[in-house]
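To start, the structure itself, in structure tokens.
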Amino acid sequence: MRNLVYAINTTIDGCYDHTKFYPGKETMEYFTQLTRNADTFLYGRKIYELMVPYWPDVAKNPTDDDRKEDIEFARAFDAVGKIIVFSRSLDNPADKKTRIINTNLRDETLKLKQEEGKNISTGGVDLASQLAELGLIDEYHFVVHPIVLGSGKRLFEGTNLQEKLKLKLVDSTSFNSGAVALHYIKA
């Protein structure tokens, strides 16, 4: 069975707004490696529209303004063969490798996990919260940045877990920026 891997950047106080901070070179390299270990993305509409067509465009047409680590991430992102988007409002995918689903999240995710292949990667917050509620996420990668925003939407805010989510730390990586990548699995 394939693993469903959730990865996200966050601040010390749990805020995840990507417009408030840039992850940095080492963090982008970390996410690039996670992306290379996946062959399927599982997204909600919001994160999908943030990622596509932005990263595929950077991969195909990098500019002098693009950082090397961003280009490498974009290439890894573009190499992933399948994007599944759970959405009730999105009708047309932005590319040929995207499939939009508006049926049962649990059943469709379990089907994906049964398929042969590499990891399934997910990000964002809304869909990930639903997947956590259903107990479908196998690995969690939180890259915690040394910033306190003091306001903003926080990870798993409003999530209604049936029982406490117990995780086991299996690895941690400290970056020169002060950010720390924490890799957990379900305990």
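The values are calculated or read from the model by the stated rules, or taken from the named source; none is laboratory data. What you are looking at is a predicted structure, and each value in this text was computed from that prediction instead of being measured. Virtual Cβ from ideal backbone geometry, glycine too; neighbours counted across all protein chains shown. For accessibility, only protein heavy atoms count, side chains too; no ligands or nucleic acids. Shrake-Rupley method; radii C 1.70, N 1.55, O 1.52, S 1.80 Å.
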Cα-only radius of gyration and Dmax that characterise region 28-161, units Å: 15.4, 45
For the chain, built as a Gaussian network whose Cα springs stay under 10 Å, the top-fluctuating residue of Asn102, Asn61, Asn160: Asn61
Longest to shortest principal axis, alpha-carbon extents of region 134-187, angstrom: 36, 29, 13
Share, in percent, of DSSP beta bridges within the chain that are antiparallel, nearest 5: 40
Karplus (6.51, -1.76, 1.60) ³J(HN,Hα), θ = phi - 60°, over region 172-180, in Hz, Gly and Pro reported as x: 9, 9, 9, 10, 4, 6, x, 6, 10
Long-range HN-HN contacts of Lys118 with modeled amide H, under 5 Å: Asp39
Aspartates and glutamates with Cα under 13 Å of Lys97, excluding same-chain neighbours fewer than 8 positions away: Asp39, Asp78
Calculated from backbone phi, Karplus (6.51, -1.76, 1.60) coupling profile of region 14-29 in Hz, x at Gly/Pro: x, 7, 10, 4, 5, 7, 8, 7, 9, x, x, 4, 5, 5, 4, 5
Förster radius 22 Å - calculated FRET efficiency between Ser151 and Tyr54 (Cβ-Cβ, nearest 0.05): 0.30
GNM flexibility winner over the chain from Arg45, Arg88, Arg75 (Cα, springs under 10 Å): Arg88
Eligible aspartates and glutamates near Lys46 by straight Cα distance, threshold 17 Å, same-chain separation 8 or greater: Asp17, Asp91, Asp95, Asp126, Glu157
Surface accessible to a 1.4 Å probe, per residue, for the residues of region 1-139, Å²: 51
Accessible surface of the chain, 1.4 Å probe, proportion on carbon and sulfur as whole %: 48
Net length gained if the chain between Asp65 and Asp126 were fully extended (0.36 nm per residue, minus Cα distance): 18.8 nm
Inter-site label distance for Asn37 and Leu165 at 7 Å from Cα along Cβ, in nm: 1.8
Hz values of 3J(HN,Hα) by residue in region 112-119 - Karplus curve (6.51, -1.76, 1.60), Gly and Pro given as x: 4, 5, 7, 5, 6, x, 7, 4
Lysines whose Cα lies under 17 Å from that of Lys25, excluding same-chain neighbours fewer than 8 positions away: Lys68
For Gly14, distant residues with modelled amide H under 5 Å away: none
Cα-based radius of gyration of region 110-166 once divided by 2.2 N^0.38 Å, which approximates compact folds: 1.33
5 angstrom amide H check on Ile101, placed H, neighbours 5+ away: Val85, Phe86, Ser87
Alpha-carbon gyration tensor eigenvalues x 5, square-rooted, for region 25-70, Å: 19, 15, 9
